[in-house]
Amino acid sequence: MIEERFDAIVVGAGMAGNAAALTMAKRGLKVLQIERGEYPGSKNVQGAILYADMLEKLVPDFREDAPLERHLVEQRFWMMDGKSHTGLHHRSDDFNEEKPNRYTIIRAQFDKWLSSRAQEAGAVVLCETTVKELVKDAYGKVIGVLTDRDGGEVHADVVVLAEGVNGLLGTKAELRERPTPDNVALAVKEMHFLPRETIEARFNLKGDEGVVIEAAGTISAGMTGMGFLYTNKESISIGIGCLVADFQKSGETPYDLLDRFKKHPSIAPLIEGSEVKEYAGHLIPEGGYNAIPQLYGDGWVVVGDAAQLNNALHREGSNLAMTSGRIAGEAIFQVKSRKDPMTKQNLALYKTMLDDSFVIKDLKKYKDMPGLLHIQSQNFFLTYPQLINKALQNFVRVDGTPKIEKEKTTIKSFVSARSWGGLFGDAFRFARAWR
Ligand SMILES: Cc1cc2nc3c(=O)[nH]c(=O)nc-3n(C[C@H](O)[C@H](O)[C@H](O)COP(=O)(O)OP(=O)(O)OC[C@H]3O[C@@H](n4cnc5c(N)ncnc54)[C@H](O)[C@@H]3O)c2cc1C
């Protein structure tokens, strides 16, 4: 056993773990962080959009040396069918502000950098080390971890579980259930390399400006899921993900979906001539508020994806991970400063603080949305995208058909696909889940 005792052990050096380690180390706590990957970020997958506000709360001067790709000036939402897309785009020069609001990043570089900030603050980071299980005392309180190193038991007052979406440690220790297939999406992603000038010309960008596309529709073959395309400096990240339960039911494979997405006539020209250098697959928690497990107990707290803190509707995860990690770190520091023990009762402070943040407020607001989209996936991801694209094409095509006829055809196509009751019912349920 490693004799040295720590104030806190953080399992995982992703967004949540790094935020927790940095927060506690900055406050003077003795922190050990354990990461199974070769280096922080080596195993982590993200699109990846970084939300500056949440990082600024951890590292106010991050823009000076963080490995950032492009700051986003344009967001496109696409509703796709087999050959078309109908888009809602927002582009603004306001986003060329002194402190931009969102950036694209590459996680392998970014996590390494954020971890270096935690190490500078005093956290001890141990890589290529897997935590095999949590160590508990006779009363069930978590008192440390057992790693795969020789004599690898280490003790601490509290363990921060930042082990990502699979969260095997927490489930093995019976702190929570394993996420179910209808609560997690499987996403695949490729990195397509292109010269910087080509990306800038294709997306109408100058300098480090960036564009992201979020896409839904027939690309997910009726399953609950979305595709994305994000511009980096010299590469484009492209990916797609759907609920695991839907993959099980449909027999579709993620790679086939991605292949079809890349070949879509609206996407293919954007990545034409690129060189694919990386391919990755990863789970994303998508159960929302109703899937959040117990967040704290005697001697432990859980943060980030391991706590299912992910806002799938808004495509936000890393910011919820960073915020929950930071809040957990602050709560632990407060308990420690009062010289109180790390009991369930005292660590409830983490939940109180998290409830008061955008993390829980946002997830609570959309608590019915994941269930609705899953149950109605054929309608929302197949029928409506096809109808909308058809209607828009009918609207813009000038072919001598009187407008009144066109309008009647559009209305008829909607009503024959879904009865009036079905249409109003879907609109009502969607509005209620959105409220
Ligand atoms: C394809 C894809 C695209 C995404 N796009 C976006 C996006 O654009 N913007 C956004 O905000 N979010 C996005 N997300 C979500 C985002 O990636 C996650 O919410 C975020 O990474 C969660 O951070 P985390 O620290 O909780 O978990 P992770 O980043 O998964 O970190 C967990 C860490 O724990 C380590 N670990 C696990 N078990 C052990 C163990 N037993 N011992 C030691 N170490 C262990 C892992 O190696 C890993 O480093 C995306 C996710 C995917 C899959």
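Couple of notes before you dig in:
- Selection of the range 281-309 for residues being closer than 19 Å to GLY17 by Cβ, within 14 Å of the ligand (Cβ to nearest atom) and small (Gly, Ala, Ser) yields GLY304, ALA306, ALA307.
- On inspection, LYS339 does not qualify as part of a helix (DSSP H, G or I) and among the basic types (Lys, Arg).
- Options ALA306, ALA391, ALA312, ALA348; residue that is buried (at least 17 other Cβ atoms within 10 Å of the Cβ) and within 20 Å of GLY170 (Cα to Cα): ALA306
- Qualifying positions in the range 357-399 - modelled with pLDDT of 90 or more and β-branched (Val, Ile, Thr): VAL359, ILE360, THR383, ILE388, VAL396, VAL398
- Members of the range 74-115 that are assigned to a helix (DSSP H, G or I), within 15 Å of the ligand (Cβ to nearest atom) and in contact with a strand residue (DSSP E or B) (Cβ under 8 Å, 6 or more places away or on another chain): PHE110, SER115
- Some residue of the range 259-270 being free of Cβ contacts under 8 Å to residues at least 12 places away in the same chain, farther than 29 Å from LYS206 by Cα and in a helix (DSSP H, G or I): yes
- Close contacts from the range 85-113, counting a first residue that is without any contact (Cβ under 8 Å) to a residue 12 or more places away in the chain and a second that is assigned to a strand (DSSP E or B), with Cβ to Cβ under 8 Å and a gap of 6+ residues or different chains, come to GLY87/ARG76; GLY87/PHE77; GLY87/TRP78; GLY87/MET79.
- Residue in the range 201-218 that is within 11 Å of the ligand (Cβ to nearest atom), closer than 19 Å to ARG107 by Cα and either buried (at least 19 other Cβ atoms within 10 Å of the Cβ) or at pLDDT below 95 (or both) present: yes
- Within the range 145-170, considering residues that are on the phi > 0 side of the Ramachandran plot and within 30 Å of the chain's Cα centre (by Cα), the one surrounded by the most Cβ atoms within 10 Å (Cβ to Cβ): GLY167
- A count restricted to the range 213-231 and to residues that are assigned to a loop (DSSP other than H, G, I, E, B) and of a type in the set (Gly, Ala, Ser) stands at 2.
- Unique residue being modelled with pLDDT under 95 and more than 13 Å from the ligand (Cβ to nearest atom) when the list is ARG196, ARG178, ARG149: ARG178
- Residue that is surrounded by the fewest Cβ atoms within 10 Å (Cβ to Cβ) [pool: residues in the range 219-234 that are in contact (Cβ under 8 Å) with a residue 60 or more places away in the chain and over 19 Å from the mean Cα position of the chain (by Cα)]: LYS233
- Screening ASP256, ASP208 for residues that are charged (D, E, K, R) and either without any contact (Cβ under 8 Å) to a residue 12 or more places away in the chain or in contact with a Ser or Thr (Cβ under 8 Å, 6 or more places away or on another chain) (or both) leaves exactly one candidate, ASP256.
The values are calculated or read from the model by the stated rules, or taken from the named source; none is laboratory data. None of these values were measured; they are calculated from a predicted model. We place every Cβ from the backbone using ideal geometry, glycine too, and count neighbours over all the protein chains shown.
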